[in-house]
1. Take peptides 271-279, 226-234, 159-167, 126-134 and line them up by average Cβ neighbours within 10 Å, highest first, as a rough protection proxy.
2. When a footprinting reagent is the concern and you count Cβ atoms within 10 Å, what order do ARG204, ARG135 take, fewest first?
3. Can you tally the net charge around THR153? Count Lys and Arg as +1, Asp and Glu as -1, for every other residue whose Cβ sits under 13 Å from the Cβ of THR153.
4. Which net charge results for the neighbourhood of GLY263, defined as the other residues with beta-carbon distances under 15 angstrom from its beta-carbon, given Lys and Arg at +1 and Asp and Glu at -1?
5. Cβ under 10 Å from ARG182's Cβ, ARG182 left aside: what net charge do those residues give with Lys, Arg +1 and Asp, Glu -1?
6. Taking Cα atoms of the range 82-236, Rg/Rh with Kirkwood Rh, to two decimals?
7. With no solvent and one point per C-alpha, what does the Debye sum give as log10 I(q)/I(0) for the range 105-158 at q = 0.15, 0.24, 0.31 Å⁻¹?
8. Within 10 Å of each residue's Cβ, count the other Cβ atoms and sort ILE261, ILE102 from fewest upward.
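No lab work stands behind these numbers, since they all come straight from the coordinates. Just so it is clear, the model here is predicted, and its values are computed rather than measured. When we count neighbours, we look across all protein chains shown, and the Cβ atoms used for this are built from the backbone with ideal geometry, even at glycine.
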Amino acid sequence: MPSHTRSVAAVALALLVVLAGCGGFSAGGGSDGGEAASAGGGGGDQSAGSSGGADSLANTAGGSAADTGGNNGQALQANRAIVKTAHVRLEVENFSTARGNITSATRRLGGYVGASSESTRGENGNRTAGQVVLRVPSRNFSALYDRVQATGTVLSANTNTSDVTEQLVDLEARLENLRAQRQRLRNLYENASDTEAVLKVQERLSNTQSEIERLEAQLQSLENRITLSTITVELTEPADDPVVAGAWYDVGVLDAFLDSIGGVVTTLRAAVVAVAYLAPYLLVFGVPILLGYLAYRRRTAASASAE
């Protein structure tokens with residue numbers, strides 16, 4: 001091969017090597033760019049994923065907050081201060097038996113009989129009626145209410161539920177303020193130097209103590225009504241049916257006989273009244289006439305005998 005040709009071939013080979021290197025570099029650059037793009041795309045996906053995760057966490061937190069709010073609402077509803085009362089009127093076959101059954105049911109449910117009364121009714125006093133006041137824990141109110149109604153025939157029944165939460169909170173807040181005021185007055189009383197100041201503080205302290213005791217009594221009564229529900233039960237035995245016996249006589253004949261007796265009594269009364277009215281006249285006029293008549297008869301009889 002001529003030297004010129006070899007030189008051209010060497011130059012061409014060198015160009016090929018250079019072009020191959022450039023192509024490899026471009027390919028490498030493209031690969032890096034793709035990897036960078038992939039990395040960038042991956043970063044975008046991760047960001048989106050992170051954002052999506054944050055949204056999911058936010059939604060979960062929101063749901064948890066909603067659930068917590070719902071639970072708090074239920075807890076607040078469960079913590080309401082409720083006073084429950086009921087009034088039931090029953091007709092029972094036997095007063096003593098019914099009262100004993102109601103009393104036993106109340107004690108089994110953790111309650112007691114707060115008051116009881118009894119009286120007799122009817123023309124012959126053979127009907128017993130009365131009232132029983134039952135106190136039972138509020139959680140067992142419905143159970144005892146149902147058992148009371150099952151004791152006899154229900155004439156009437158009603159229940160009443162009162163929410164006294166605000167009243168309870170108000171009493172507790174007022175008591176807290178009064179107790180704090182009492183403590184301040186006690187401190188003033190201990191530090192008072194002159195007699196006038198001591199007397200004024202003592203008077204205010206006494207008034208505050210009286211108010212505290214009054215509110216404490218109200219609070220205790222209210223808490224008792226919340227803890228123990230009240231069911232008032234009126235029990236009465238049924239009225240006796242009147243017994244109508246069959247008459248063995250004719251009512252019409254008896255009525256006529258009674259009327260005739262009434263007529264005889266009326267006639268006798270009239271006769272007595274007439275005799276009482278005529279008695280003075282008989283004494284004044286009748287006696288002389290009778291005596292004259294007797295004298296005349298005697299004279300006539302004597303004349304006849306003489307002849």
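1. Values: 271-279: 10.0, 226-234: 20.0, 159-167: 12.6, 126-134: 18.0.
Packing proxy ranking, top to bottom: 226-234, 126-134, 159-167, 271-279.
2. Numbers: ARG204 16, ARG135 19.
The most exposed by this proxy come first: ARG204, ARG135.
3. That works out to -3.
4. Working: positive: ARG269; negative: ASP255, ASP259.
Charge balance in the 15 Å sphere: -1.
5. On the way: positive: ARG179, ARG184, ARG186, ARG204; negative: GLU211.
Net charge in that neighbourhood comes out at +3.
6. Values: Rg = 23.6 Å, Rh = 18.8 Å.
For the range 82-236, the value is 1.26.
7. One equal scatterer on each Cα of the range 105-158 leads to -0.53, -1.02, -1.22.
8. Details: ILE261 10, ILE102 24.
By the 10 Å Cβ count, ascending, the order reads ILE261, ILE102.
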